[in-house]
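Asks: Can you read through this structure? Questions will come right after.
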Amino acid sequence: MKFRAVMEDAEYMREFLNIIVTLSKLTKECVINIEKDKVHFIANEESGTTAPLVWVDIDAKLYFPEYHLELPDKHHSQIMLSVSPANLSRAFSSLRSNARHCKLKLLNLQFPCLRVEVDVLTQNSNQIRNTSHDVPVTVIPRSDWDFYELPQKPNCKLVLNVPSNRLMRGLIDKIKNLSPTVIFYATSGGEMNLVAETELATITTRYKNLDIKELNPSEDERHKQQIEASCSVDCKKTSIFFSALQVPTGELACGIDDDRLIHLEVNIRHGIAIHSILPAVCM
């Protein structure tokens, strides 16, 4: 099997680095799922019981003008690698400053590794400096693929667009010191409330006039003028996800499925998104 990819756009390279840094703050080990036209990163939830389930979808043609994947036979539709995102972030750290070119290549030296080569323009001499890092990876055999299945985007009852994740991150960070859980409550009228309940008080933060992205009411609710959805989730897990985000974003989609889960989708640009699923907790 062979894999090779090249990045050339400076903005896209910085975005890619920020995605890797985000993952490094969430998990010690992640899975890279390399397909013909997409790359997925899956944070391994087993690495920490408090970590939320997170995965990243990347449309390969957006970040990589050169993208080559060669599979051993027709029974293989992808390459799956296990890697430390902290090691990857160190290898990609040169992308922060005047990077002109970045090449990724899967190699088998004394061990399987992902070689990261970055050409950087030095500010003093205007010369190109090349850096190369070999990041150890584990090739996941086909027999184990089922253990690392790509999570599917859930079909939520109500999905709203929240204009800023910075404001929500600040709110969640304060709520976690007051209550172990936070309730997401939303209506089809474009309102969403974050509710924290303590023995002494109930604290509610309201968002109004939000855009409805999706509405999937049950059969019994379709005749109602207003659809409601609510779910209580672990406040610490929610805070970990928002605190880890290193990517600027203009859109955060929050999907609520009654008493089952919250789905958060950070759209970096069309075809590039970070997803998280927060399971419901008992009140």
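The values are calculated or read from the model by the stated rules, or taken from the named source; none is laboratory data. Computed from a predicted structure; not experimentally measured. A quick note on method: Cβ atoms are made from the backbone with ideal geometry, for glycine too, and the neighbour counts reach across all protein chains shown. Remember, those area values only see protein heavy atoms, side chains included, never the ligands or the DNA or RNA. Shrake-Rupley method; radii C 1.70, N 1.55, O 1.52, S 1.80 Å.
Asks: By its C-alpha gyration tensor, with a ≥ b ≥ c as the square roots of the eigenvalues, how is region 132-186 shaped: rounded for a/c under 1.5, else prolate for a/b larger than b/c, else oblate?
Replies: Values: a/c = 2.55, a/b = 1.78, b/c = 1.43.
It is prolate, given that a/c is not under 1.5 and a/b is the larger ratio.
Asks: Please name whichever of I277, A229, L106 sits farthest to the positive end of the charge dipole of the chain, dipole taken about the Cα centre and charges placed at Cβ: Lys and Arg +1, Asp and Glu -1.
Replies: Result: L106.
Asks: What are the ³J(HN,Hα) values, in whole Hz, obtained from phi via the Karplus relation 6.51 cos²θ - 1.76 cosθ + 1.60 with θ = phi - 60°, for each residue of region 152-161 in sequence order, with x given for Gly and Pro?
Replies: In residue order, the calculated couplings are 9, 5, x, 8, 7, 5, 9, 10, 10, 8 Hz.
Asks: Which of rounded, prolate, oblate describes region 158-209, given a ≥ b ≥ c as roots of the alpha-carbon gyration tensor eigenvalues and a/c under 1.5 marking rounded, otherwise prolate only if a/b is larger than b/c?
Replies: On the way: a/c = 2.55, a/b = 1.53, b/c = 1.67.
Since a/c reaches 1.5 but b/c is at least a/b, the shape of region 158-209 is classed as oblate.
Asks: Taking Rh as the Kirkwood radius, which is the inverse of the mean 1/r over Cα pairs, what is the Rg/Rh value for region 69-202?
Replies: On the way: Rg = 23.0 Å, Rh = 20.2 Å.
Radius of gyration relative to Kirkwood radius: 1.14.
Asks: Could you size up the charge dipole of the chain around its Cα centre, putting +1 on the beta carbon of Lys and Arg and -1 on that of Asp and Glu, and report it in debye to the nearest 20? Working shown, then result.
Replies: Working: 32 positive and 36 negative charges, 198 e Å.
Result for the chain is approximately 960 debye, rounded to the nearest 20.
Asks: Could you please state how large a percent of the accessible area of region 2-147 is carbon and sulfur, counting protein chains only and using a 1.4 Å probe?
Replies: Numbers: 3300 of 7350 Å².
Within region 2-147, the accessible surface is 45 percent carbon and sulfur.
Asks: Same structure, new question: Lysines within cross-link reach of K208: Cα-Cα under 21 Å, excluding same-chain residues under 8 positions apart?
Replies: Here the lysines satisfying the reach criterion relative to K208 are K157, K174, K224.
Asks: Once both labels are modelled 7 Å past Cα along the beta-carbon direction, what's the H223-K2 spacing in nm?
Replies: 6.5
Asks: Let me make sure I get this right: for region 158-279, a, b and c are the square roots of the gyration tensor eigenvalues over alpha carbons, sorted descending. Under 1.5 in a/c it's rounded, otherwise prolate if a/b > b/c, else oblate. Which is it? Each step should come with its number before you reach the end.
Replies: Values: a/c = 1.74, a/b = 1.08, b/c = 1.60.
The shape class here is oblate.
Asks: Right, here's the next one. Taking 10 °C and 1.306 mPa s as the conditions, I'd like the Stokes-Einstein D for the chain in µm²/s, using the Kirkwood hydrodynamic radius from alpha carbon pairs. Display every interim value, and only then the final one.
Replies: Working: Rh = 20.4 Å.
Estimated diffusion coefficient is 78 µm²/s.
Asks: Can you give the accessible area of K2 in Å² (nearest 10), computed on protein heavy atoms with a 1.4 Å probe?
Replies: 120
Asks: Same structure again: Modelling each spin label as a point 7 Å along the Cα-to-Cβ direction, I'd like the I128/S164 distance in nm, to one decimal.
Replies: So the two model labels end up 4.2 nm from each other.
Asks: Suppose R0 equals 22 Å; then what is the FRET efficiency for K38 and R260 from their Cβ-Cβ distance, rounded to the nearest 0.05?
Replies: After rounding to 0.05, the efficiency reads 0.25.
Asks: Quick one: dipole size for region 2-147, taken about the Cα centre, charges +1 on Lys/Arg Cβ and -1 on Asp/Glu Cβ, in debye to the nearest 20. Numbers along the way, then the final one.
Replies: Values: 17 positive and 19 negative charges, 91 e Å.
My answer is approximately 440 debye.
Asks: Compute the length gained on full extension between L109 and E214: take 0.36 nm times their separation in residues and subtract their Cα-Cα distance, giving the result in nm to one decimal.
Replies: Values: separation 105, 0.36 × 105 = 37.80 nm, distance 4.82 nm.
Fully extending the segment from L109 to E214 adds 33.0 nm.
Asks: Whole Å is fine, so just give me how far the alpha carbon centre of region 205-264 lies from that of region 100-115.
Replies: A separation of 39 Å, based on Cα centres.
Asks: How large is the accessible surface of L71 in square angstrom, using a 1.4 angstrom probe and rounding to the nearest 10?
Replies: Around 40 Å² of this residue is reachable by solvent.
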